[in-house]
Amino acid sequence: MSEWHDIAAEADVAPGAPAIARIEGREIGVMRDPRTNDLIAIRNRCPHSGAKLCLGSVEQRIEGEPGGHYHLVDRTVVVCPWHGWEFDASSGVCPEDENFRVAVYPVRVEHGRVFVQA
Amino acid sequence: MIDCDVHVQITHPEEILKFIDAPEREWYRNQAYLLGLPGYPWSNPSTWFRGDLAVDETGMPGGNPATVAKEVLDNQGADIGILTADDALSVGLMQNTYRAAALARAHNDWFREDWFPVDDRFRGSIVVPSQDPVAAVAEIERCASDRRFVQVLLAGGSERPYGDPKYLPILEAAAANGLAVAIHSGMEGMGLAHQPTGAGAPTFYIEWHTTGSACSIMGHLFSLLTHGTFRRIPDLKVLLIEGGVAWLPGMLWRNDTNWRGLRDDTPWLDEPPSETMKRHIRFATQPLEHTDGNDELLWQMLAAVGAPDILCYSSDYPHWDGDEPKWLANRLPEAWRQGVMHDNAVNFYGSRLDLPVAR
Ligand code: FES
């Protein structure tokens, strides 16, 4: 049964400053989305070759059309610090290859503390 | 584990300029941070660097010898880290030959004075003004007595493929001094170098990274083989870095087929070129291609052309597309690990690594 775990003080989680906790052998990180200010709880291990994902960045996804057209979409991705693969912040799925996915967890804030269900 | 490709960054240009004679220094300062080296037409859309490394006050990793020793040697567990240049890989492509020679000298002095003494597990590469082979040979001779230099480094981008007789004196000087020659992909389309592909200049970084860096390595590989370079210089050893390896079986088969039918033009080739390759040429592993679940196929193909003996591990630290050593070792067939991660490099570099074969 997954339980709620108290991970960090909310004020301590900022863009570029994740909180990292070890829960039953898994390292889980909480990252702050600089755009929405949302918190993202994600396994701190890239399914590609094992980088610490929480040392990467949280970014708004860019999409586009041929002809050199770029636009930002309403989708947040966690970008791996090693090879730059992206993982959807809500589903953990790599949009470029759904065989690669990382666990993401429910997260909530109570009385200034961040709780993760894992 | 031996890491054959550790990119040292020039984060503080004055560290190098102190090795350049005073009257010349100002010229390099006036060229801004690339010091007169040709710039990159295709820039990485995000970052050149892994995001989890220590950076100095310039915001860049890889420029401090003690930090590199910690990150590459201690943390990644390398017994030896072979330092390759980064931007200075393109010194042989500068338009100004004289400035190139002076900058190459300074870069080599910087390795010797500021890097090697920090950790005895560091080895280094000699950068040379390859656009002027006479000056390049003089630089090799000047540096070779320091046995911590293990190779002469040439860029993938070039004026001609390196089998061209113009470069013979450089290759001869390396071999005569017990140095390998490393050809590192990159710098195609910069300075004196030709465009990265036969089709012309790519538009995007991803195109360059996919085709350009492989094409130049293919060009040098088959040029060296076809000119009979290894018959002329039997002691020559060449490491090809960062051009990929999955294409190798197909291109070797293609070339061996051509060799059978086209030998009149190059009658000095007295064995299938792929056989010559196995004795003289090694490939650094990074970036080992992703196979989408077909690794077994890749190992079979590579085994057909001499793997695992032709492969030497490289991390490409601190770049964004590096291969972490534990991940790579686990990916390899178990029987290949010791060779690829360690022994093949020991055999290739010989006594300049100063390590027992089994460690
Ligand atoms: S380890 Fe995350 S993208 Fe490669």
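The values are calculated or read from the model by the stated rules, or taken from the named source; none is laboratory data. Nothing here was measured: the structure is a model prediction, and the numbers come from that model. Neighbour counts are summed over all protein chains in view; Cβ atoms, including those assigned to glycine, are modelled from backbone coordinates with ideal geometry.
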Going through B:318, B:273, B:249, B:308 one at a time, which residue ends up being modelled with pLDDT of 95 or more, crowded, with 18+ Cβ neighbours inside 10 Å and under 30 Å from residue B:59 (Cβ atoms)? B:318
Could you go through region B:341-352 and let me know if any residue there is within 14 Å of chain A (Cβ to nearest Cβ), charged (D, E, K, R) and either surrounded by 15 or more Cβ atoms within 10 Å (Cβ to Cβ) or under 26 Å from residue B:61 (Cβ atoms) (or both). no
So residue A:25 fits all but one of (1) more than 24 Å from residue B:288 (Cα to Cα); (2) within 14 Å of another protein chain (Cβ to nearest Cβ); what number is the exception? (2)
Leading residue by the ranking (farthest from residue B:194 (Cα to Cα)) among those in region B:8-42 that are among the polar types (S, T, N, Q) and in a loop (DSSP other than H, G, I, E, B): B:11
So which pairs qualify, if the first residue must be in region A:27-51 and over 15 Å from residue B:51 (Cβ atoms), the second must be within 12 Å of the ligand (Cβ to nearest atom) and among the aromatic types (Phe, Trp, Tyr), the Cβ gap must be under 7 Å, and the two must be at least 6 apart or on different chains? A:47/A:100
State whether the residues of region A:22-30 include one that is modelled with pLDDT of 95 or more, within 16 Å of the ligand (Cβ to nearest atom), outside any strand (DSSP E or B) and farther than 30 Å from residue B:203 by Cβ. no
Give A:42, A:7, A:23 a once-over and let me know the one that is more than 26 Å from residue A:60 (Cβ to Cβ) and either surrounded by 13 or more Cβ atoms within 10 Å (Cβ to Cβ) or under 10 Å from the mean Cα position of the chain (by Cα) (or both). A:23
How about region A:34-54: which of its residues are basic (Lys, Arg) and either in a strand (DSSP E or B) or more than 23 Å from residue A:117 (Cα to Cα) (or both)? A:35, A:43
When you check residue B:27 against the structure, is it aromatic (Phe, Trp, Tyr), away from chain A (no Cβ under 14 Å) and in contact (Cβ under 8 Å) with a residue 12 or more places away in the chain, yes or no? yes
List the number of the failed condition for residue A:50; all other conditions in (1) buried (at least 19 other Cβ atoms within 10 Å of the Cβ); (2) within 14 Å of another protein chain (Cβ to nearest Cβ); (3) not polar (S, T, N, Q) hold. (1)
